[in-house]
Amino acid sequence: MHSPDDQLARELNANPEFALFMLDLPIVVQRAFIPLTGRVTAALMLSWAIQVTDEPGVADAEGWFAKGNDEWHADIGLSRDELHTARDCLEQLGLLQVKREATEPGTSAFRRVNHYRVDLKRLSQLLLAHAEKLRQAKGMH
């Protein structure tokens, strides 16, 4: 009988695509964003939006970056419904600004691409307010 480790090693050797899939970049969610947004999916989307904004050449000088739903799904795995709910939550909190645009309407190249920008000032305000609530809840002055 083979151990699970032996089986995994055989699978990795026989299927290099599986190895690449397993070793893909991890997705990091900032823990503080979960209570801030009230949703793990919104915290995930916000964490990824910040990471994307920091990548050289992705965001413009004002912090806007373009990303379609298919790209969000490929990046963080959220379904269309999860993405919509997370985006709505972040917009309502004032954390994510969205410009909805379409490319070449009426042609075969038509697709919807939104432009996003994280409002870092609003994020700082909400994080500080949340930290203050925690401090008060623990009876610290």
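The values are calculated or read from the model by the stated rules, or taken from the named source; none is laboratory data. Note that this is a predicted model, so its numbers are computed, not measured. Note that we place each Cβ from the backbone using ideal geometry, even for glycine, and neighbour counts take in every protein chain shown. These accessible areas exclude ligands, DNA and RNA; they are computed on the full protein's heavy atoms, side chains included. Shrake-Rupley method; radii C 1.70, N 1.55, O 1.52, S 1.80 Å.
The table below lists the values:
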{"item": "Asp119-Glu17 FRET efficiency (beta carbon distance; Förster radius 35 Å; 0.05 resolution)", "result": "0.35"}
{"item": "Rough spin-label spacing in nm, given labels placed 7 Å along Cα→Cβ, for Asp5 and Asp24", "result": "2.7 nm"}
{"item": "Gyration tensor verdict on the chain (Cα atoms; rounded if a/c is under 1.5, prolate if a/b is larger than b/c, oblate otherwise)", "result": "oblate"}
{"item": "Exposure rule at most 11 other beta-carbon atoms within 10 Å, DSSP loop trypsin sites (Lys or Arg not before Pro): the chain longest free segment", "result": "32-137"}
{"item": "Surface share of carbon and sulfur [accessible, 1.4 angstrom probe, percent] for the chain", "result": "55 percent"}
{"item": "Sequence of Ser47, Ser3 when ordered by accessible area, the most exposed leading, probe 1.4 angstrom", "result": "Ser3, Ser47"}
{"item": "Amide H partners (placed H, <5 Å) of Asp119, local residues excluded", "result": "Leu96, Gln97"}
{"item": "With DNA, RNA and ligands ignored, accessible area of Ile27 (1.4 Å probe; Å², nearest 10)", "result": "80 Å²"}
{"item": "Lys/Arg +1, Asp/Glu -1 at C-beta; the chain dipole; positive extreme among Gly57, Ala129, Ala9", "result": "Ala129"}
